[in-house]
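These notes concern the structure reproduced below.
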Amino acid sequence: MFDQNRIDALRDAPIPPAQHLIDGQSCPASDGGIMEVLSPLNGKVLTTIAQGTAADVEAATQAARRAFDDGRWSGLAPAARKAVLLKWAALIEENALELAVIGVRDNGTEIGMALKAEPLSAAGTIRYYAEAIDKITGEIAPTAPGTLGLVHREPVGVVGAIVPWNFPLMIGAWKLAPALAAGNSVVLKPAETASLTLLRMAQLGLDAGLPPGVLNVVTGLGAVVGEVLALSMEVDVLVFTGSGTTGRRLLEYSARSNLKRVYLELGGKSPNIVFADAPDLAEAVKTSAAGIFRNAGQVCVAGSRLLVERSIHDQFVAELTAYMKTMPVGDPLNPATAAGAVNSLRQLEQNLQFVEEARAQGHAITGGARILEGTGGYFMEPTLVTGVSPSDRIAQDEVFGPVLAVIPFDTEEEAIRIANGTDYGLAAAVWTSDLLRAHRMVRAIKAGIVHVNTYGGSDITVPLGGVKQSGNGHDKSLHALDKYLDLKTAWIKL
Ligand code: NAD
(Lines give C-alpha, C1' and ligand atoms only; values in the text may rest on other atoms or scores of the structure.)
Protein backbone atom coordinates (compact mmCIF):
# COMPACT_ATOMS: atom_id res chain seq x y z
CA MET A 1 0.00 0.00 0.00
CA PHE A 2 2.76 2.47 1.00
CA ASP A 3 4.77 2.92 -2.20
CA GLN A 4 7.18 5.86 -2.00
CA ASN A 5 7.93 5.79 -5.74
CA ARG A 6 4.25 6.15 -6.52
CA ILE A 7 3.90 8.90 -3.93
CA ASP A 8 6.76 10.77 -5.59
CA ALA A 9 5.18 10.26 -9.01
CA LEU A 10 1.88 11.69 -7.75
CA ARG A 11 3.54 14.60 -5.94
CA ASP A 12 3.38 16.98 -8.91
CA ALA A 13 0.74 15.25 -11.04
CA PRO A 14 -1.72 17.81 -12.41
CA ILE A 15 -5.14 17.82 -10.74
CA PRO A 16 -7.95 18.77 -13.13
CA PRO A 17 -10.42 21.48 -12.07
CA ALA A 18 -13.08 19.97 -9.83
CA GLN A 19 -16.83 20.47 -10.20
CA HIS A 20 -19.90 19.78 -8.07
CA LEU A 21 -21.54 16.38 -8.08
CA ILE A 22 -25.28 16.91 -8.36
CA ASP A 23 -27.89 14.31 -9.33
CA GLY A 24 -25.21 11.90 -10.48
CA GLN A 25 -23.53 14.47 -12.76
CA SER A 26 -20.33 16.43 -12.49
CA CYS A 27 -21.35 20.05 -13.12
CA PRO A 28 -19.95 23.59 -12.85
CA ALA A 29 -21.38 26.34 -10.65
CA SER A 30 -24.58 27.81 -12.11
CA ASP A 31 -22.77 31.09 -12.77
CA GLY A 32 -19.50 29.43 -13.80
CA GLY A 33 -17.71 30.64 -10.66
CA ILE A 34 -14.53 28.93 -9.54
CA MET A 35 -12.17 29.17 -6.56
CA GLU A 36 -8.44 28.58 -6.59
CA VAL A 37 -7.14 25.83 -4.32
CA LEU A 38 -3.75 26.68 -2.81
CA SER A 39 -1.50 23.86 -1.67
CA PRO A 40 -0.20 24.36 1.89
CA LEU A 41 2.98 22.55 0.81
CA ASN A 42 4.17 25.43 -1.38
CA GLY A 43 1.47 28.11 -1.47
CA LYS A 44 0.92 27.49 -5.20
CA VAL A 45 -2.34 26.97 -7.03
CA LEU A 46 -3.11 23.24 -7.06
CA THR A 47 -6.30 23.40 -9.08
CA THR A 48 -9.74 25.02 -8.87
CA ILE A 49 -13.10 23.98 -7.42
CA ALA A 50 -16.56 25.20 -8.34
CA GLN A 51 -17.69 28.15 -6.23
CA GLY A 52 -21.23 27.07 -5.46
CA THR A 53 -24.26 29.33 -5.59
CA ALA A 54 -27.65 29.24 -3.90
CA ALA A 55 -29.02 27.77 -7.15
CA ASP A 56 -26.50 24.92 -6.97
CA VAL A 57 -27.53 24.08 -3.42
CA GLU A 58 -31.18 24.22 -4.48
CA ALA A 59 -30.48 21.82 -7.38
CA ALA A 60 -28.68 19.43 -5.03
CA THR A 61 -31.32 19.44 -2.31
CA GLN A 62 -34.09 18.96 -4.89
CA ALA A 63 -32.18 16.04 -6.42
CA ALA A 64 -31.71 14.52 -2.96
CA ARG A 65 -35.42 14.98 -2.18
CA ARG A 66 -36.51 13.35 -5.46
CA ALA A 67 -34.14 10.45 -4.88
CA PHE A 68 -35.43 9.96 -1.35
CA ASP A 69 -39.10 10.22 -2.23
CA ASP A 70 -39.06 7.80 -5.16
CA GLY A 71 -37.35 5.11 -3.10
CA ARG A 72 -34.48 4.42 -5.52
CA TRP A 73 -32.24 4.05 -2.44
CA SER A 74 -34.46 4.54 0.60
CA GLY A 75 -36.79 1.81 -0.70
CA LEU A 76 -34.10 -0.83 -1.19
CA ALA A 77 -33.68 -3.74 1.19
CA PRO A 78 -30.92 -2.95 3.67
CA ALA A 79 -28.93 -5.89 2.28
CA ALA A 80 -29.04 -4.30 -1.19
CA ARG A 81 -27.71 -1.00 0.18
CA LYS A 82 -25.07 -2.95 2.03
CA ALA A 83 -23.83 -4.54 -1.23
CA VAL A 84 -23.33 -1.12 -2.86
CA LEU A 85 -21.61 0.32 0.21
CA LEU A 86 -19.23 -2.64 0.45
CA LYS A 87 -18.29 -2.14 -3.19
CA TRP A 88 -17.73 1.55 -2.49
CA ALA A 89 -15.40 0.71 0.43
CA ALA A 90 -13.42 -1.63 -1.84
CA LEU A 91 -13.06 1.07 -4.53
CA ILE A 92 -11.80 3.56 -1.94
CA GLU A 93 -9.20 1.03 -0.78
CA GLU A 94 -8.11 0.40 -4.38
CA ASN A 95 -7.58 4.14 -4.84
CA ALA A 96 -6.28 4.82 -1.33
CA LEU A 97 -2.78 5.98 -2.16
CA GLU A 98 -3.93 8.39 -4.86
CA LEU A 99 -6.64 9.78 -2.58
CA ALA A 100 -4.16 10.17 0.27
CA VAL A 101 -1.63 12.06 -1.84
CA ILE A 102 -4.24 14.41 -3.30
CA GLY A 103 -5.46 15.00 0.24
CA VAL A 104 -1.96 15.79 1.52
CA ARG A 105 -1.37 18.23 -1.34
CA ASP A 106 -4.72 19.84 -0.55
CA ASN A 107 -4.59 19.97 3.26
CA GLY A 108 -1.03 19.22 4.43
CA THR A 109 -1.40 16.14 6.70
CA GLU A 110 1.61 13.79 6.96
CA ILE A 111 1.27 11.03 4.36
CA GLY A 112 1.51 8.08 6.79
CA MET A 113 -1.25 9.49 8.91
CA ALA A 114 -3.24 10.64 5.88
CA LEU A 115 -3.29 7.18 4.35
CA LYS A 116 -4.49 5.51 7.54
CA ALA A 117 -6.76 8.22 8.86
CA GLU A 118 -8.25 9.27 5.55
CA PRO A 119 -9.08 6.78 2.74
CA LEU A 120 -8.43 3.64 4.76
CA SER A 121 -10.38 4.91 7.75
CA ALA A 122 -13.21 6.09 5.48
CA ALA A 123 -13.39 2.68 3.77
CA GLY A 124 -13.48 0.97 7.18
CA THR A 125 -16.27 3.27 8.35
CA ILE A 126 -18.36 2.62 5.24
CA ARG A 127 -17.84 -1.13 5.65
CA TYR A 128 -18.82 -0.95 9.35
CA TYR A 129 -22.18 0.73 8.67
CA ALA A 130 -22.80 -1.43 5.58
CA GLU A 131 -22.36 -4.53 7.73
CA ALA A 132 -24.50 -3.09 10.52
CA ILE A 133 -27.53 -1.95 8.60
CA ASP A 134 -29.11 -5.33 7.88
CA LYS A 135 -28.88 -6.19 11.57
CA ILE A 136 -30.86 -3.20 12.86
CA THR A 137 -34.37 -4.27 13.79
CA GLY A 138 -37.54 -2.59 15.03
CA GLU A 139 -39.30 -3.41 18.32
CA ILE A 140 -42.49 -4.96 19.61
CA ALA A 141 -43.39 -2.99 22.73
CA PRO A 142 -44.55 -4.78 25.92
CA THR A 143 -48.10 -3.40 25.64
CA ALA A 144 -51.31 -4.55 27.35
CA PRO A 145 -53.28 -7.55 25.98
CA GLY A 146 -55.51 -6.60 23.08
CA THR A 147 -52.97 -4.11 21.68
CA LEU A 148 -49.86 -4.33 19.58
CA GLY A 149 -47.24 -1.59 19.64
CA LEU A 150 -44.65 -1.78 16.87
CA VAL A 151 -41.70 0.57 16.67
CA HIS A 152 -40.35 1.07 13.15
CA ARG A 153 -37.02 2.69 12.35
CA GLU A 154 -37.16 4.76 9.17
CA PRO A 155 -34.66 6.94 7.32
CA VAL A 156 -35.20 10.61 8.12
CA GLY A 157 -35.04 11.99 4.55
CA VAL A 158 -32.50 14.49 3.26
CA VAL A 159 -29.34 14.94 5.30
CA GLY A 160 -27.14 18.04 4.94
CA ALA A 161 -23.53 17.43 5.98
CA ILE A 162 -20.98 20.21 6.46
CA VAL A 163 -17.43 19.13 7.25
CA PRO A 164 -14.05 20.75 8.03
CA TRP A 165 -10.64 20.48 6.40
CA ASN A 166 -8.51 18.62 8.89
CA PHE A 167 -9.59 15.04 8.09
CA PRO A 168 -12.15 15.42 5.29
CA LEU A 169 -12.51 11.74 4.32
CA MET A 170 -12.52 10.37 7.84
CA ILE A 171 -15.00 12.91 9.18
CA GLY A 172 -16.99 12.88 5.92
CA ALA A 173 -17.36 9.10 6.14
CA TRP A 174 -18.47 9.34 9.78
CA LYS A 175 -21.50 11.27 8.45
CA LEU A 176 -22.05 9.76 4.99
CA ALA A 177 -21.77 6.09 5.89
CA PRO A 178 -24.46 5.86 8.59
CA ALA A 179 -26.71 8.37 6.76
CA LEU A 180 -26.58 6.43 3.50
CA ALA A 181 -26.68 2.98 5.11
CA ALA A 182 -29.90 4.04 6.85
CA GLY A 183 -31.42 4.94 3.44
CA ASN A 184 -31.21 8.74 3.49
CA SER A 185 -30.09 10.99 0.65
CA VAL A 186 -27.26 13.44 1.36
CA VAL A 187 -26.00 16.84 0.25
CA LEU A 188 -22.41 17.27 1.39
CA LYS A 189 -20.56 20.57 1.66
CA PRO A 190 -16.80 20.10 2.08
CA ALA A 191 -14.49 22.78 3.47
CA GLU A 192 -13.16 25.28 0.92
CA THR A 193 -9.60 24.08 1.54
CA ALA A 194 -10.26 20.33 1.45
CA SER A 195 -12.86 19.45 -1.19
CA LEU A 196 -10.85 17.42 -3.68
CA THR A 197 -10.74 14.03 -1.99
CA LEU A 198 -14.38 14.16 -0.91
CA LEU A 199 -15.44 14.81 -4.51
CA ARG A 200 -13.37 11.84 -5.66
CA MET A 201 -14.67 9.61 -2.92
CA ALA A 202 -18.26 10.55 -3.80
CA GLN A 203 -17.59 9.75 -7.48
CA LEU A 204 -16.34 6.31 -6.40
CA GLY A 205 -19.66 5.90 -4.57
CA LEU A 206 -21.52 6.54 -7.83
CA ASP A 207 -19.19 4.09 -9.60
CA ALA A 208 -20.08 1.52 -6.93
CA GLY A 209 -23.78 1.91 -7.68
CA LEU A 210 -25.18 4.73 -5.53
CA PRO A 211 -28.13 5.93 -7.63
CA PRO A 212 -28.03 9.54 -8.95
CA GLY A 213 -29.20 12.14 -6.46
CA VAL A 214 -28.50 10.00 -3.39
CA LEU A 215 -25.12 11.57 -2.70
CA ASN A 216 -24.52 15.14 -3.90
CA VAL A 217 -21.49 17.32 -3.23
CA VAL A 218 -21.58 21.12 -3.56
CA THR A 219 -18.30 22.98 -3.06
CA GLY A 220 -17.71 26.63 -2.26
CA LEU A 221 -17.86 29.15 0.54
CA GLY A 222 -19.32 28.34 3.94
CA ALA A 223 -21.09 31.67 4.02
CA VAL A 224 -22.90 30.82 0.75
CA VAL A 225 -23.16 27.07 0.17
CA GLY A 226 -23.13 26.16 3.88
CA GLU A 227 -25.62 28.84 4.85
CA VAL A 228 -28.09 28.06 2.04
CA LEU A 229 -27.87 24.34 2.83
CA ALA A 230 -28.49 24.97 6.52
CA LEU A 231 -31.46 27.23 5.72
CA SER A 232 -32.94 24.80 3.18
CA MET A 233 -36.52 23.67 3.77
CA GLU A 234 -35.63 20.37 2.07
CA VAL A 235 -32.98 19.36 4.60
CA ASP A 236 -34.38 17.30 7.49
CA VAL A 237 -31.19 16.77 9.47
CA LEU A 238 -28.00 18.81 9.47
CA VAL A 239 -24.80 17.20 10.69
CA PHE A 240 -21.72 19.33 11.20
CA THR A 241 -18.11 19.19 12.29
CA GLY A 242 -16.26 22.46 12.64
CA SER A 243 -15.93 25.51 14.82
CA GLY A 244 -18.27 26.66 17.54
CA THR A 245 -18.81 29.95 15.75
CA THR A 246 -20.26 28.18 12.72
CA GLY A 247 -22.13 25.72 14.94
CA ARG A 248 -24.00 28.58 16.60
CA ARG A 249 -24.99 29.94 13.20
CA LEU A 250 -26.34 26.56 12.13
CA LEU A 251 -28.65 26.45 15.14
CA GLU A 252 -29.94 29.88 14.17
CA TYR A 253 -30.47 28.81 10.56
CA SER A 254 -32.47 25.84 11.76
CA ALA A 255 -34.65 28.08 13.92
CA ARG A 256 -35.16 30.48 11.00
CA SER A 257 -36.14 27.70 8.57
CA ASN A 258 -37.75 24.32 9.24
CA LEU A 259 -36.45 23.42 12.72
CA LYS A 260 -34.27 20.74 11.16
CA ARG A 261 -32.37 18.72 13.71
CA VAL A 262 -28.79 19.95 14.04
CA TYR A 263 -25.97 17.77 15.37
CA LEU A 264 -22.72 19.57 16.13
CA GLU A 265 -19.20 18.21 16.58
CA LEU A 266 -17.16 21.22 17.64
CA GLY A 267 -13.75 22.11 18.99
CA GLY A 268 -11.88 21.30 22.16
CA LYS A 269 -9.16 22.37 24.58
CA SER A 270 -8.49 18.88 25.77
CA PRO A 271 -6.52 18.24 28.98
CA ASN A 272 -3.75 15.66 28.96
CA ILE A 273 -3.06 14.99 32.67
CA VAL A 274 0.21 13.41 33.74
CA PHE A 275 0.51 12.25 37.35
CA ALA A 276 3.91 11.55 38.88
CA ASP A 277 3.04 7.85 39.02
CA ALA A 278 2.53 7.56 35.24
CA PRO A 279 3.63 4.04 34.32
CA ASP A 280 6.16 5.13 31.69
CA LEU A 281 7.16 8.79 31.59
CA ALA A 282 9.18 8.41 28.39
CA GLU A 283 6.12 6.98 26.67
CA ALA A 284 3.98 9.79 28.13
CA VAL A 285 6.41 12.37 26.68
CA LYS A 286 6.33 10.83 23.18
CA THR A 287 2.59 10.24 23.08
CA SER A 288 1.78 13.68 24.50
CA ALA A 289 3.92 15.26 21.77
CA ALA A 290 2.20 13.24 19.06
CA GLY A 291 -1.16 14.08 20.65
CA ILE A 292 -0.69 17.79 19.92
CA PHE A 293 1.86 18.11 17.13
CA ARG A 294 0.73 15.51 14.55
CA ASN A 295 -1.15 17.06 11.65
CA ALA A 296 0.28 20.36 12.92
CA GLY A 297 -2.16 20.30 15.82
CA GLN A 298 -5.19 20.37 13.53
CA VAL A 299 -6.98 17.60 15.35
CA CYS A 300 -10.23 18.25 17.16
CA VAL A 301 -9.26 15.94 20.03
CA ALA A 302 -5.68 17.28 20.24
CA GLY A 303 -4.29 17.33 23.78
CA SER A 304 -3.62 21.04 23.77
CA ARG A 305 -3.41 21.51 27.56
CA LEU A 306 -0.75 19.50 29.34
CA LEU A 307 -1.42 19.29 33.08
CA VAL A 308 1.66 17.93 34.88
CA GLU A 309 1.96 17.09 38.57
CA ARG A 310 4.33 19.66 40.02
CA SER A 311 6.84 17.15 41.40
CA ILE A 312 7.72 15.99 37.84
CA HIS A 313 6.87 19.21 35.98
CA ASP A 314 10.39 20.46 35.29
CA GLN A 315 11.75 17.04 34.32
CA PHE A 316 8.75 16.33 32.09
CA VAL A 317 8.99 19.70 30.34
CA ALA A 318 12.73 19.24 29.80
CA GLU A 319 12.21 15.80 28.23
CA LEU A 320 9.31 17.02 26.12
CA THR A 321 11.32 19.99 24.90
CA ALA A 322 14.20 17.70 23.92
CA TYR A 323 11.83 15.28 22.18
CA MET A 324 9.99 18.03 20.28
CA LYS A 325 13.23 19.18 18.77
CA THR A 326 13.74 15.71 17.25
CA MET A 327 10.35 15.78 15.51
CA PRO A 328 10.89 16.44 11.79
CA VAL A 329 8.55 19.16 10.55
CA GLY A 330 8.11 19.81 6.86
CA ASP A 331 7.26 18.06 3.60
CA PRO A 332 4.27 15.90 4.49
CA LEU A 333 4.91 13.63 1.49
CA ASN A 334 8.20 12.57 3.09
CA PRO A 335 7.32 9.54 5.25
CA ALA A 336 9.86 10.60 7.93
CA THR A 337 7.95 13.82 8.63
CA ALA A 338 6.27 13.92 12.04
CA ALA A 339 4.33 17.16 11.56
CA GLY A 340 3.20 18.45 8.17
CA ALA A 341 1.83 21.76 6.98
CA VAL A 342 -0.72 24.08 8.51
CA ASN A 343 -3.76 23.99 6.24
CA SER A 344 -3.89 27.65 5.21
CA LEU A 345 -2.02 30.91 5.56
CA ARG A 346 -4.95 32.26 7.55
CA GLN A 347 -4.72 29.42 10.08
CA LEU A 348 -0.92 29.82 10.29
CA GLU A 349 -1.26 33.54 10.99
CA GLN A 350 -3.87 32.82 13.63
CA ASN A 351 -1.54 30.29 15.32
CA LEU A 352 1.33 32.79 15.32
CA GLN A 353 -0.90 35.46 16.79
CA PHE A 354 -1.80 33.19 19.71
CA VAL A 355 1.92 32.65 20.34
CA GLU A 356 2.69 36.37 20.20
CA GLU A 357 -0.06 37.12 22.65
CA ALA A 358 1.25 34.45 25.04
CA ARG A 359 4.76 35.89 24.69
CA ALA A 360 3.47 39.38 25.42
CA GLN A 361 1.88 38.05 28.61
CA GLY A 362 5.32 36.88 29.73
CA HIS A 363 4.95 33.14 29.14
CA ALA A 364 8.04 31.14 28.19
CA ILE A 365 7.86 29.92 24.60
CA THR A 366 9.81 27.13 22.94
CA GLY A 367 9.41 27.11 19.15
CA GLY A 368 6.61 29.37 18.02
CA ALA A 369 7.90 30.46 14.61
CA ARG A 370 6.98 29.96 11.00
CA ILE A 371 9.66 27.82 9.35
CA LEU A 372 10.68 26.68 5.84
CA GLU A 373 9.27 29.92 4.46
CA GLY A 374 11.44 29.53 1.35
CA THR A 375 9.29 26.58 0.26
CA GLY A 376 6.28 28.89 0.11
CA GLY A 377 4.53 26.34 2.36
CA TYR A 378 2.77 26.96 5.67
CA PHE A 379 5.00 25.28 8.26
CA MET A 380 5.25 26.01 11.96
CA GLU A 381 7.55 24.77 14.70
CA PRO A 382 6.04 22.60 17.43
CA THR A 383 5.47 25.09 20.22
CA LEU A 384 5.47 24.79 23.99
CA VAL A 385 4.10 27.53 26.23
CA THR A 386 5.02 27.20 29.91
CA GLY A 387 4.23 29.21 33.01
CA VAL A 388 0.56 29.18 32.04
CA SER A 389 -2.33 29.76 34.45
CA PRO A 390 -5.58 27.87 33.85
CA SER A 391 -7.44 31.11 33.09
CA ASP A 392 -4.97 32.44 30.49
CA ARG A 393 -6.30 32.71 26.96
CA ILE A 394 -3.74 30.16 25.73
CA ALA A 395 -5.25 27.70 28.24
CA GLN A 396 -8.86 28.51 27.39
CA ASP A 397 -9.21 29.06 23.62
CA GLU A 398 -8.69 26.46 20.93
CA VAL A 399 -5.67 27.35 18.77
CA PHE A 400 -6.11 24.43 16.33
CA GLY A 401 -2.38 24.49 15.70
CA PRO A 402 0.85 22.91 17.05
CA VAL A 403 0.77 24.84 20.31
CA LEU A 404 0.81 23.17 23.73
CA ALA A 405 0.09 25.04 26.98
CA VAL A 406 1.64 23.47 30.09
CA ILE A 407 0.02 23.91 33.51
CA PRO A 408 1.35 22.43 36.78
CA PHE A 409 -0.96 21.01 39.46
CA ASP A 410 -0.56 19.63 42.99
CA THR A 411 -3.54 17.39 43.72
CA GLU A 412 -6.06 15.19 41.95
CA GLU A 413 -8.85 17.60 42.89
CA GLU A 414 -6.95 20.53 41.42
CA ALA A 415 -6.26 18.56 38.21
CA ILE A 416 -9.99 17.83 37.84
CA ARG A 417 -10.89 21.47 38.48
CA ILE A 418 -8.42 22.72 35.86
CA ALA A 419 -9.39 19.97 33.39
CA ASN A 420 -13.07 20.92 33.61
CA GLY A 421 -12.40 24.67 33.71
CA THR A 422 -13.01 25.53 30.06
CA ASP A 423 -16.12 25.84 27.87
CA TYR A 424 -15.11 22.65 26.06
CA GLY A 425 -15.53 18.94 26.78
CA LEU A 426 -14.30 16.84 23.88
CA ALA A 427 -11.36 14.63 24.91
CA ALA A 428 -8.93 14.09 27.80
CA ALA A 429 -6.21 11.74 29.01
CA VAL A 430 -4.94 10.60 32.39
CA TRP A 431 -1.54 9.02 32.95
CA THR A 432 -1.33 7.11 36.25
CA SER A 433 -0.47 3.67 37.65
CA ASP A 434 -3.26 3.97 40.22
CA LEU A 435 -6.20 2.03 38.83
CA LEU A 436 -8.70 3.54 41.22
CA ARG A 437 -7.54 7.05 40.47
CA ALA A 438 -7.83 6.33 36.73
CA HIS A 439 -11.47 5.31 37.18
CA ARG A 440 -12.19 8.32 39.42
CA MET A 441 -10.73 10.64 36.81
CA VAL A 442 -12.69 9.05 33.95
CA ARG A 443 -15.88 9.74 35.89
CA ALA A 444 -14.92 13.24 37.02
CA ILE A 445 -13.72 14.67 33.72
CA LYS A 446 -16.38 16.21 31.52
CA ALA A 447 -15.48 14.97 28.04
CA GLY A 448 -16.71 12.67 25.30
CA ILE A 449 -13.64 10.44 25.59
CA VAL A 450 -11.06 9.99 28.35
CA HIS A 451 -7.90 8.09 27.45
CA VAL A 452 -5.94 6.29 30.15
CA ASN A 453 -2.17 5.89 29.77
CA THR A 454 -2.31 6.88 26.12
CA TYR A 455 -3.42 9.89 24.10
CA GLY A 456 -5.60 9.79 21.00
CA GLY A 457 -6.68 6.72 19.17
CA SER A 458 -9.93 4.80 19.26
CA ASP A 459 -11.80 2.92 16.59
CA ILE A 460 -15.12 2.97 14.83
CA THR A 461 -16.83 0.79 17.46
CA VAL A 462 -16.87 3.60 20.07
CA PRO A 463 -18.72 6.94 19.90
CA LEU A 464 -17.05 10.35 19.53
CA GLY A 465 -18.91 13.43 20.62
CA GLY A 466 -18.50 16.41 22.83
CA VAL A 467 -20.20 17.73 25.94
CA LYS A 468 -20.57 21.40 26.97
CA GLN A 469 -19.61 23.63 24.02
CA SER A 470 -17.84 20.80 22.20
CA GLY A 471 -21.13 19.74 20.68
CA ASN A 472 -24.01 17.30 20.85
CA GLY A 473 -24.76 13.97 19.22
CA HIS A 474 -22.17 11.35 18.35
CA ASP A 475 -20.28 10.20 15.32
CA LYS A 476 -19.01 6.59 15.09
CA SER A 477 -20.37 3.40 16.66
CA LEU A 478 -23.90 2.08 16.26
CA HIS A 479 -25.15 5.10 18.29
CA ALA A 480 -24.45 7.35 15.28
CA LEU A 481 -27.25 5.63 13.38
CA ASP A 482 -29.80 7.16 15.76
CA LYS A 483 -29.29 10.56 14.09
CA TYR A 484 -30.31 9.15 10.73
CA LEU A 485 -33.22 6.88 11.71
CA ASP A 486 -36.59 8.13 12.95
CA LEU A 487 -38.73 6.09 15.31
CA LYS A 488 -42.34 5.54 14.23
CA THR A 489 -44.94 3.77 16.32
CA ALA A 490 -47.75 1.62 14.94
CA TRP A 491 -50.49 1.15 17.58
CA ILE A 492 -52.83 -1.67 16.65
CA LYS A 493 -56.01 -2.81 18.37
CA LEU A 494 -56.16 -6.59 18.20
P1 NAD B 1 -15.36 26.09 10.30
O2 NAD B 1 -16.51 26.10 11.22
O3 NAD B 1 -14.77 27.36 9.88
O4 NAD B 1 -15.74 25.35 8.96
C5 NAD B 1 -16.33 24.06 8.96
C6 NAD B 1 -17.26 23.97 7.77
O7 NAD B 1 -18.32 24.89 7.95
C8 NAD B 1 -16.61 24.29 6.44
O9 NAD B 1 -17.11 23.42 5.45
C10 NAD B 1 -17.07 25.71 6.18
O11 NAD B 1 -17.12 26.03 4.81
C12 NAD B 1 -18.46 25.67 6.77
N13 NAD B 1 -18.98 27.00 7.13
C14 NAD B 1 -18.28 28.11 7.48
N15 NAD B 1 -19.13 29.14 7.70
C16 NAD B 1 -20.38 28.68 7.51
C17 NAD B 1 -21.68 29.26 7.61
N18 NAD B 1 -21.86 30.54 7.93
N19 NAD B 1 -22.75 28.48 7.36
C20 NAD B 1 -22.60 27.17 7.06
N21 NAD B 1 -21.39 26.58 6.91
C22 NAD B 1 -20.30 27.32 7.15
O23 NAD B 1 -14.29 25.13 10.96
P24 NAD B 1 -12.85 24.71 10.37
O25 NAD B 1 -11.92 25.82 10.60
O26 NAD B 1 -12.99 24.18 8.99
O27 NAD B 1 -12.53 23.45 11.28
C28 NAD B 1 -11.84 23.56 12.48
C29 NAD B 1 -12.78 23.38 13.64
O30 NAD B 1 -13.43 22.11 13.56
C31 NAD B 1 -12.04 23.36 14.95
O32 NAD B 1 -12.77 24.08 15.90
C33 NAD B 1 -12.02 21.88 15.31
O34 NAD B 1 -11.83 21.61 16.66
C35 NAD B 1 -13.32 21.42 14.81
N36 NAD B 1 -13.32 19.96 14.60
C37 NAD B 1 -14.11 19.20 15.43
C38 NAD B 1 -14.13 17.82 15.29
C39 NAD B 1 -15.00 16.93 16.17
O40 NAD B 1 -15.18 15.77 15.85
N41 NAD B 1 -15.56 17.44 17.24
C42 NAD B 1 -13.35 17.22 14.29
C43 NAD B 1 -12.55 18.04 13.48
C44 NAD B 1 -12.57 19.42 13.65
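Worth a mention:
- Within the set T366, T375, T383, the sole residue that is among the hydroxyl-bearing types (S, T, Y) and surrounded by 18 or more Cβ atoms within 10 Å (Cβ to Cβ) turns out to be T383.
- Against the list (1) over 29 Å from Q51 (Cβ atoms); (2) within 10 Å of the ligand (Cβ to nearest atom); (3) open to solvent by 10 Å² or more (accessible area, probe 1.4 Å), the condition E227 fails is (1).
- Just one of the listed residues (N420, N343) is touching a residue at least 24 places away in the same chain (Cβ under 8 Å) and within 16 Å of the ligand (Cβ to nearest atom), and it is N343.
- Sub-6 Å Cβ pairs linking a first residue in the range 41-59 that is more than 29 Å from V101 (Cα to Cα) to a second residue that is assigned to a helix (DSSP H, G or I) and at pLDDT 95 or above, at least 6 apart or interchain, are A54/V228, ordered by first then second residue.
- Residue among I111, I92, I162, I126 that is crowded, with 16+ Cβ neighbours inside 10 Å and within 16 Å of the ligand (Cβ to nearest atom): I162
- Count - residues of the range 268-302 that are within 19 Å of I418 (Cα to Cα) and within 10 Å of the ligand (Cβ to nearest atom): 5
- Of all residues in the range 450-471, those being within 14 Å of the ligand (Cβ to nearest atom) and either open to solvent by 60 Å² or more (accessible area, probe 1.4 Å) or within 20 Å of Y129 (Cβ to Cβ) (or both) number 8.
- One residue stands out in the range 418-449 among those that are more than 18 Å from the chain's Cα centre (by Cα) and of a type in the set (V, I, T): the one that is surrounded by the fewest Cβ atoms within 10 Å (Cβ to Cβ), namely V442.
- Residue within the range 304-323 that is within 11 Å of the ligand (Cβ to nearest atom), buried (at least 22 other Cβ atoms within 10 Å of the Cβ) and under 17 Å from the mean Cα position of the chain (by Cα) present: yes
- Complete set of residues in the range 241-267 that are more than 7 Å from the ligand (Cβ to nearest atom) and in a strand (DSSP E or B): R261, V262, Y263, L264
- Checklist (1) more than 22 Å from E98 (Cβ to Cβ); (2) buried (at least 20 other Cβ atoms within 10 Å of the Cβ) applied to L198, failing item: (1)
- Contact map, the range 173-194: first residue closer than 28 Å to G108 by Cβ and open to solvent by less than 10 Å² (accessible area, probe 1.4 Å), second residue among the charged types (D, E, K, R) and more than 8 Å from the ligand (Cβ to nearest atom), Cβ cut-off under 7 Å, separation 6 or more or different chains; pairs are A194/D106.
- Looking only at the range 316-338, and only at residues there that are touching a residue at least 12 places away in the same chain (Cβ under 8 Å), of a type in the set (S, T, N, Q) and out of contact with any Pro (no Cβ under 7 Å at 6 or more places or on another chain), the one that is farthest from G448 (Cα to Cα): N334
- Residue selected from the range 206-224 under the condition of a type outside the set (V, I, T) and within 20 Å of the chain's Cα centre (by Cα), by the criterion farthest from the ligand (Cβ to nearest atom): L215
- Per-region count, the range 327-350, residues closer than 14 Å to P402 by Cβ and in a loop (DSSP other than H, G, I, E, B): 10
- For the range 129-151, the set of residues classified as open to solvent by 30 Å² or more (accessible area, probe 1.4 Å) and either part of a strand (DSSP E or B) or of a type in the set (G, A, S) (or both) consists of G138, E139, I140, A141, A144, G146, T147, L148, L150, listed by residue number.
- Selection count, the range 214-224, where residues are surrounded by fewer than 24 Cβ atoms within 10 Å (Cβ to Cβ) and in contact (Cβ under 8 Å) with a residue 60 or more places away in the chain: 3
The values are calculated or read from the model by the stated rules, or taken from the named source; none is laboratory data. Source: prediction; values computed, not measured. Neighbour counts run over all protein chains shown; Cβ positions are idealised from the backbone, glycine included. Protein only, heavy atoms only, side chains kept; ligands, DNA and RNA dropped before computing areas. Shrake-Rupley method; radii C 1.70, N 1.55, O 1.52, S 1.80 Å.
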